[in-house]
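One structure is given below, encoded as structure tokens.
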Amino acid sequence: MLTIRGGGGRFCDGVSRRDFLAIGGLSFGAGGLSLAGVMRAQAAVPPGRSGLGHKAVINVFLGGGPPHQDMFDLKPDAPSEVRGEFAPIGTNVPGIQICEVFPRLAKRADKLAIIRSVVGCEGAHAAYQTNTGWPESSLRTLGGRPSLGAAVAKLAGPVDPSVPPFVGLAEKTSHRPWSDSGTAGFLGPAYGPFRPDGPDRDNMTLKDVTLERLADRRRLLAAVDRLRRDADASGTIAGMDAFGQRAFDVLSGSRLLDALDLSKEDPAIRAAYGDGKPYQFQYDGAPTCNDHLLMARRLVEAGVRVVSLSFGRWDSHGQNFAMVRDHGGKLDQCLAALLDDLEARGMLDDVAVVVWGEFGRTPKINKDAGRDHWPQVSCALLAGGGLRTGQVIGATNRLGEHATERPVHVQEIVATLYHALGFRTHEVTLPDQTGRPQYLVEHGPIAELI
């Protein structure tokens, strides 16, 4: 991975942009998609296949399993060992109530579709189902199912030649399945996510080149020449093809580079999103990186079709209510800011936002003031994308144990995202490695939302 020394701002994990900004220029080792690979994939897309217009999806994964009954499906009439510590509050949609830790979202409920009856969760602590809609075992011998972002990269190609169609912002986590931005599955690694902070970012460095100097092509090319001489001595760049050369060209003036540089954003907008600090309850999961939602908006504005990210660590076997106060309050701020930001820019109808985790949590509170795993039912939020928002879909019983009205399968949510991007899931297929056509998902989109 090509790493550029940069200035201004900090990454969500506390690493200064003066330390490095990983742009993904070249990857000579295993893992991660190089920018050259993105270019190679783009060249393989037939002409005329990117005429969908620029629709986009931002997939916000709440790794660990957020507690549905403490967020968007409160049970105030349940026994104390079930209902917990939070009170419901009214929203700007009559009859809809959500948890008190979400006052900003309550004022924007008309822009939300709240799904209280998500079913079909496999029960694994992983982002795989929220990225693909499928259980991880599906087509495993062929490489697995492609994530939504990978499928869209294959089907639609790039909006802009210098901007990859699929970007993964999921932070590296100790529990690795929580940092899965979505794999390419049987499509092959060329369609995997471009990761600005990917695993190969330390492999190569353009020495002494700051972000400010990237605009100076002569200095950039001189640095590249030095890099070539250093690398050629060990044979690193031997065999670099035209796609690698083009990757260097992209770095010298890319909209992608600008989108990743939050120092160029209006300070008032950055303040509206917040930074999600201090990071609490992180353990082996993701930080509450509010500015990743801002970066996601900048990326889709630059031409990215699908952005996936992870937000917080919601595996609350203990201290559930303290965690929800912390994570929920931060999510309330940045998600409300994202909705306002997209609307102010005229982008809300073109960008679908989904917020969800891998499963729900137990109705009964355990001895550590926590809730345990509960794949039987969970919740999700959808916004934007031209969907019919301002409504609640589905319901659970008095204790939040199971769906009693309108169960919504995980695949229905993924199908709705495909629909927002312009794909009819009952028609579109992708050939697997044997040449057999595979549907994107088996379920159709949520009829109430389209």
**OP:** Can you confirm whether region 382-392 contains a residue that is on the phi < 0 side of the Ramachandran plot and free of Cβ contacts under 8 Å to residues at least 60 places away in the same chain?
**Re:** no
Original post:
Among (1) touching a residue at least 12 places away in the same chain (Cβ under 8 Å); (2) over 18 Å from the mean Cα position of the chain (by Cα); (3) assigned to a loop (DSSP other than H, G, I, E, B); (4) closer than 27 Å to residue 435 by Cβ, which single condition is residue 162 missing?
Top reply: (4)
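Inspect all residues belonging to region 63-82 and state whether any of them is on the phi > 0 side of the Ramachandran plot, assigned to a loop (DSSP other than H, G, I, E, B), at pLDDT below 50 and surrounded by 22 or more Cβ atoms within 10 Å (Cβ to Cβ).
Restricting attention to region 63-82, the residues satisfying the condition of being on the phi > 0 side of the Ramachandran plot are 64-65.
After this cut, where a residue has to be assigned to a loop (DSSP other than H, G, I, E, B) as well, the list is 64-65.
Restricting the remaining residues to those that are at pLDDT below 50 gives none.
Scanning region 63-82 turns up no residue that is on the phi > 0 side of the Ramachandran plot, assigned to a loop (DSSP other than H, G, I, E, B), at pLDDT below 50 and surrounded by 22 or more Cβ atoms within 10 Å (Cβ to Cβ).
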Original post:
Only one of (1) surrounded by 15 or more Cβ atoms within 10 Å (Cβ to Cβ); (2) touching a helix residue (DSSP H, G or I) at 6+ places or on another chain (Cβ under 9 Å); (3) touching a residue at least 60 places away in the same chain (Cβ under 8 Å) fails for residue 445. Which number is that?
Top reply: (3)
Original post:
So which residues in region 302-329 are part of a helix (DSSP H, G or I) and at pLDDT 95 or above?
Top reply: 320, 321, 322, 323, 324, 325, 326, 327, 328, 329
Subject >> Selection within region 393-424 - over 19 Å from residue 353 (Cβ atoms) and either in contact with a helix residue (DSSP H, G or I) (Cβ under 6 Å, 6 or more places away or on another chain) or aromatic (Phe, Trp, Tyr) (or both) >> reply: 399, 400
**OP:** Hey, can you tell me all the residues within region 335-365 that are in contact with a Ser or Thr (Cβ under 7 Å, 6 or more places away or on another chain) and in a loop (DSSP other than H, G, I, E, B)?
**Re:** 357, 358, 359
**OP:** Determine the pairs where a residue that is of a type in the set (A, V, I, L, M), located within region 118-129, has a partner that is surrounded by fewer than 17 Cβ atoms within 10 Å (Cβ to Cβ) and not in a loop (DSSP other than H, G, I, E, B) with Cβ atoms under 6 Å apart, the partner being 6 or more residues away or on another chain.
**Re:** 126/177
Subject >> Scope region 87-112; condition under 21 Å from the mean Cα position of the chain (by Cα) and farther than 15 Å from residue 338 by Cβ; matching residues >> reply: none
Original post:
In this structure, is residue 109 out of contact with any His (no Cβ under 9 Å at 6 or more places or on another chain), buried (at least 16 other Cβ atoms within 10 Å of the Cβ) and at pLDDT below 95?
Top reply: no
**OP:** Return yes or no: is residue 332 part of a loop (DSSP other than H, G, I, E, B) and either among the polar types (S, T, N, Q) or surrounded by fewer than 22 Cβ atoms within 10 Å (Cβ to Cβ) (or both)?
**Re:** no
**OP:** Quick one: residue 284 ticks every box in (1) part of a loop (DSSP other than H, G, I, E, B); (2) farther than 24 Å from residue 196 by Cα; (3) of a type in the set (Asp, Glu) except a single one, so which number is it?
**Re:** (2)
**OP:** Using the structure shown, decide if residue 60 is in a loop (DSSP other than H, G, I, E, B) and of a type in the set (Val, Ile, Thr).
**Re:** no
**OP:** Collect the residues in region 422-442 that are under 25 Å from the mean Cα position of the chain (by Cα) and farther than 16 Å from residue 146 by Cα, keeping them in residue-number order.
**Re:** 422, 424, 426
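If you check residue 132 against the conditions, is it among the polar types (S, T, N, Q), modelled with pLDDT of 95 or more and over 16 Å from residue 430 (Cα atoms)?
Considered against the rule, which asks whether it is among the polar types (S, T, N, Q), modelled with pLDDT of 95 or more and over 16 Å from residue 430 (Cα atoms), residue 132 comes out as no.
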**OP:** Check region 271-290 and report whether any residue there is aliphatic (A, V, I, L, M), more than 27 Å from residue 420 (Cβ to Cβ) and touching a residue at least 12 places away in the same chain (Cβ under 8 Å).
**Re:** no
Subject >> Selected residue [touching a Ser or Thr at 6+ places or on another chain (Cβ under 7 Å), modelled with pLDDT of 95 or more, surrounded by fewer than 24 Cβ atoms within 10 Å (Cβ to Cβ) and farther than 22 Å from residue 106 by Cα] from 394, 370 >> reply: 370
**OP:** Test residue 376 against the stated conditions and say whether it is of a type in the set (S, T, N, Q) and in a helix (DSSP H, G or I).
**Re:** no
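For region 406-437, give me the residue count where each residue is in a strand (DSSP E or B) and surrounded by fewer than 21 Cβ atoms within 10 Å (Cβ to Cβ).
Pass one, region 406-437, residues in a strand (DSSP E or B): 408-409, 429-431, 437.
Applying the additional criterion that residues be surrounded by fewer than 21 Cβ atoms within 10 Å (Cβ to Cβ) yields 409, 429-431, 437.
The number of residues fulfilling the criteria is 5.
The values are calculated or read from the model by the stated rules, or taken from the named source; none is laboratory data. What you see is a predicted model, and the numbers here were worked out from it, not measured in a lab. Here the Cβ is made from the backbone with ideal geometry for all residues, glycine too, and neighbour counts use every protein chain on show.
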